[in-house]
Amino acid sequence: MSVTYTGRCQCGNIRYEIHAEPLTLYLCHCTECQKQSSSAFGMSLTVPRDAVVIIRGCPKAWTRGADSGREVKCLFCDNCGTRLFHERSYNQHTINVKAGTLDDTSWLHPVGNLWTNSAQPWVTISDDMLNYPGQPKDMRLLSERWQQLHSETKKAVE
């Protein structure tokens, strides 16, 4: 079964497709994600890098340091400024799609919170999710939780 998820920037100059199931979805409360999203947190949908295809436009990029000390390449629309993707220097096989740019966000259900030590005090951190005070050393638990959640959802639909 082939799957395709689609998304775009706010102005529509850049459109993309994802041709694989996501690996995980989490919320990041680091101060950089708060600035990037102009909100309380950023939302990252991790997918295989080779599954993302730009079908219109060409994102611009800049690289910034992360709160973890690592580098993040940020891809965005140079017309409307919408952040679309984050490429992490420590993992070239995956890319984080800024999940709010998907055309359909109704199915999104984050499984974890990163950098809870810098979360806004009014944000409720659910005990039903995996929660990390900073950057987790290993992202496998987030992927495992995502797979578990989505296999349960698929069984309920069948």
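The values are calculated or read from the model by the stated rules, or taken from the named source; none is laboratory data. Quick caveat: nothing in here was measured; it's all calculated off a predicted structure. All Cβ positions, even for glycine, are placed from backbone atoms using ideal geometry, and neighbour counts span all protein chains on display.
Screening E87 against (1) without any contact (Cβ under 8 Å) to a residue 60 or more places away in the chain; (2) out of contact with any helix residue (DSSP H, G or I) (no Cβ under 7 Å at 6 or more places or on another chain); (3) surrounded by 12 or more Cβ atoms within 10 Å (Cβ to Cβ); (4) assigned to a loop (DSSP other than H, G, I, E, B) leaves a single unmet condition, (4).
Total residues in the range 120-147 satisfying the condition of being more than 12 Å from L25 (Cα to Cα), in a loop (DSSP other than H, G, I, E, B) and of a type outside the set (V, I, T): the figure is 13. Residue check: R88 meets all listed conditions (1) basic (K, R); (2) more than 20 Å from S143 (Cβ to Cβ); (3) at pLDDT below 95 but one, namely (2).
Here are some residues: N113, N117, N79. Which one is at pLDDT 95 or above, outside any strand (DSSP E or B), closer than 18 Å to L130 by Cβ and not hydroxyl-bearing (S, T, Y)? Every option except N117 fails the conditions. Only one residue in T105, T116, T124, T94 is over 25 Å from G69 (Cα atoms) and either surrounded by 11 or more Cβ atoms within 10 Å (Cβ to Cβ) or touching a Lys or Arg at 6+ places or on another chain (Cβ under 6 Å) (or both), so which one is that? Residue meeting the stated conditions: T105.
So which residues in the range 2-61 are among the polar types (S, T, N, Q) and within 14 Å of A99 (Cβ to Cβ)?
T6, T24, Q36, S37, S39, S44, T46
Taking every residue in the range 126-151 that is within 18 Å of C33 (Cα to Cα) and without any contact (Cβ under 8 Å) to a residue 12 or more places away in the chain and pairing it with any residue that is basic (K, R) and surrounded by fewer than 17 Cβ atoms within 10 Å (Cβ to Cβ), at least 6 positions away or on another chain, yields no pair with a Cβ-Cβ distance below 7 Å.
Tell me which residues, restricted to the range 29-70, are in a helix (DSSP H, G or I) and more than 20 Å from Y90 (Cβ to Cβ). Answer for the range 29-70, where residues must be in a helix (DSSP H, G or I) and more than 20 Å from Y90 (Cβ to Cβ): Q34, K35, S37. Look at the range 112-124: where a residue is under 20 Å from W146 (Cβ atoms) and touching a residue at least 40 places away in the same chain (Cβ under 8 Å) and a partner is of a type in the set (S, T, Y) and part of a loop (DSSP other than H, G, I, E, B), sitting 6+ places away or on another chain with Cβ atoms under 6 Å, you get L114/Y132. Scan the range 29-65 for residues that are surrounded by 19 or more Cβ atoms within 10 Å (Cβ to Cβ), under 17 Å from Q135 (Cβ atoms) and touching a residue at least 60 places away in the same chain (Cβ under 8 Å) and the total you get is 6. Just wondering, is there one or more residues in the range 13-28 that are crowded, with 19+ Cβ neighbours inside 10 Å, among the charged types (D, E, K, R) and either part of a strand (DSSP E or B) or on the phi > 0 side of the Ramachandran plot (or both)? No: zero hits.
In the set G65, G69, G134, which member is at positive phi and over 14 Å from the mean Cα position of the chain (by Cα)? So that I can check it myself, show each step before the final result.
On the way: G65 fails: at positive phi; G134 fails: at positive phi.
So the residue among G65, G69, G134 that is at positive phi and over 14 Å from the mean Cα position of the chain (by Cα) is G69.
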